[in-house]
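To keep things clear, I will list the structure first and then write my remarks on it.
The values are calculated or read from the model by the stated rules, or taken from the named source; none is laboratory data. What you see is a predicted model; the values in this text were computed from it and never measured. Here the Cβ positions follow ideal geometry from the backbone for every residue, glycine too, while neighbour counts run over all protein chains shown. For accessibility, only protein heavy atoms count, side chains too; no ligands or nucleic acids. Shrake-Rupley method; radii C 1.70, N 1.55, O 1.52, S 1.80 Å.
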Amino acid sequence: MRQFTVLLPVCARKRGLHDFTSEVRDWVERQGIRTGLLTIFCRHTSASLLIQENAAPEVRADLEAFFEHIAPEDPERYAHDDEGPDDMPAHLRTALTQVQLCIPVMDGRPVLGTWQGIYLFEHRRRPHEREIALHLIGE
Amino acid sequence: MRQFTVLLPVCARKRGLHDFTSEVRDWVERQGIRTGLLTIFCRHTSASLLIQENAAPEVRADLEAFFEHIAPEDPERYAHDDEGPDDMPAHLRTALTQVQLCIPVMDGRPVLGTWQGIYLFEHRRRPHEREIALHLIGE
Amino acid sequence: MRQFTVLLPVCARKRGLHDFTSEVRDWVERQGIRTGLLTIFCRHTSASLLIQENAAPEVRADLEAFFEHIAPEDPERYAHDDEGPDDMPAHLRTALTQVQLCIPVMDGRPVLGTWQGIYLFEHRRRPHEREIALHLIGE
């Protein structure tokens with residue numbers, strides 16, 4: 001049994017979903033593991049991870065609109081605004097989604113379904129470079 | 001250290017929570033692992049996984065009603081409706097819950113609490129057979 | 001490759017977020033694993049786990065207020081109230097957050113970001129002692 005780790009930088013130019021499936025898949029394939037477990041971990045509290053539909057771009061726009069609706073920018077609602085009006089909504093959106101994903105690896109690839117992509121969900125308005133930790137165990 | 005994987009089909013006859021705890025527990029017990037880590041992964045974007053109360057059936061009805069309330073079928077709200085009015089709400093409900101669960105295995109069994117069951121949360125109205133990947137590592 | 005497990009009791013004196021990062025970190029450090037994968041699993045259906053901002057206390061108050069807003073105590077809304085008006089909201093809040101977290105371990109420590117803390121999110125009003133299962137695999 002072997003293990004591999006890496007800290008992967010992922011750039012988000014703006015709020016919303018950023019597909020980094022191919023970076024993850026490429027890294028897994030380079031390790032030469034046939035069967036194992038991949039873990040993806042986001043080291044931030046105002047960005048998160050999501051596995052979502054990878055075909056229709058309207059899904060990503062509707063998702064973004066949904067989260068703006070349930071966790072709106074509204075200074076009246078929140079005590080915390082150290083970094084501006086998008087600060088507390090970012091923490092709420094992170095709480096409602098995930099900061100880590102585990103995906104089994106079979107036949108050398110993460111067993112994503114046909115329509116599943118791996119997304120960084122950036123919740124701040126300004127561009128950010130986020131740090132994603134990857135861990136792979138298997139043989 | 002050993003690993004086991006399987007693709008498990010889980011049938012959902014309708015929208016809502018479908019308990020498949022016993023299928024998962026039986027598969028884990030058959031592998032003969034005493035201590036390890038079980039991963040359950042749903043290969044879909046309009047069905048998800050949830051660990052929930054396994055005793056009172058009203059909990060499942062209330063959960064279903066809650067998700068219909070916060071992510072309603074309403075063509076006015078969404079740009080995406082390729083597969084009908086339950087398409088985009090299904091993606092939202094998936095984003096708000098999980099597509100993967102990791103459960104430690106101790107004494108040969110997943111360490112679920114007394115009241116915890118493992119559910120497929122089907123978000124589409126029509127019946128679907130969903131594919132769930134299981135991975136177990138341990139010894 | 002080695003594995004370690006423990007059942008960790010975590011006390012919640014009231015509803016809300018309870019930081020137990022240091023207990024988790026201390027346990028990981030005692031096992032002497034340099035590289036691996038840590039899994040944290042909550043064995044309950046009315047308490048959950050969350051990685052959140054560890055600096056500003058207003059974040060925790062805003063989070064608590066947000067979840068009270070979207071899953072309010074309101075006997076009119078729910079069929080299930082076996083254990084009182086905070087029973088069903090507790091299940092909903094658990095469904096919207098997580099019962100398990102996986103965190104890669106690098107250089108002998110969980111790779112949490114600077115601002116990330118590990119929280120038990122208690123959803124019942126009365127004090128509870130919750131049981132959290134930890135699993136660590138690595139070398």
Q: Sort out which residues of the stretch B:111-122 are more than 9 Å from chain C (Cβ to nearest Cβ) and in contact with a Pro (Cβ under 9 Å, 6 or more places away or on another chain), and write them in order of number.
A: B:Ile118
Q. Looking at (1) on the phi > 0 side of the Ramachandran plot; (2) assigned to a strand (DSSP E or B), can you tell me which one C:Ile51 breaks?
A. (1)
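For residues that are open to solvent by less than 10 Å² (accessible area, probe 1.4 Å) and touching a Pro at 6+ places or on another chain (Cβ under 7 Å), scanning just the stretch C:25-49, find the one that is farthest from A:Gln3 (Cα to Cα).
Within the stretch C:25-49, the match that is farthest from A:Gln3 (Cα to Cα) is C:Phe41.
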Q: Collect the residues in the stretch C:79-123 that are within 19 Å of C:Arg43 (Cβ to Cβ) and in contact with a Gly (Cβ under 7 Å, 6 or more places away or on another chain), keeping them in residue-number order.
A: C:Glu122
Q.
Can you pull out every residue in the stretch C:50-74 that is among the small types (Gly, Ala, Ser), at the interface with another protein chain (Cβ under 7 Å from one of its Cβ atoms) and open to solvent by 20 Å² or more (accessible area, probe 1.4 Å)?
A. C:Ala61
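Quick check, is B:Arg15 open to solvent by less than 70 Å² (accessible area, probe 1.4 Å), closer than 19 Å to C:Thr39 by Cβ and charged (D, E, K, R)?
Details: open to solvent by less than 70 Å² (accessible area, probe 1.4 Å): yes; closer than 19 Å to C:Thr39 by Cβ: no; charged (D, E, K, R): yes.
No; evaluated as a whole, the condition is false for this residue.
Here's the yes/no breakdown for (1) under 16 Å from the mean Cα position of the chain (by Cα); (2) over 28 Å from A:Pro104 (Cβ atoms); (3) not charged (D, E, K, R):
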site: A:Arg13; (1), (2), (3): yes, yes, no
site: A:Asp19; (1), (2), (3): yes, no, no
site: A:Val24; (1), (2), (3): yes, no, yes
site: A:Gln31; (1), (2), (3): no, no, yes
site: A:Thr45; (1), (2), (3): yes, no, yes
site: A:Gln52; (1), (2), (3): yes, no, yes
site: A:Ala55; (1), (2), (3): no, no, yes
site: A:Glu58; (1), (2), (3): no, yes, no
site: A:Arg77; (1), (2), (3): no, yes, no
(Q) If B:Thr39 satisfies all but one of (1) among the polar types (S, T, N, Q); (2) within 28 Å of A:Ala65 (Cα to Cα); (3) assigned to a strand (DSSP E or B), what's the number of the condition it fails? (A) (2)
(Q) When you scan the stretch A:94-108, do you find a residue that is away from chain B (no Cβ under 12 Å) and farther than 19 Å from C:Leu96 by Cβ, even just one? (A) yes
Q: Being of a type in the set (D, E, K, R) and assigned to a helix (DSSP H, G or I) is the filter here, so list the residues in the stretch B:54-77 that pass it.
A: B:Glu58, B:Arg60, B:Asp62, B:Glu64, B:Glu68
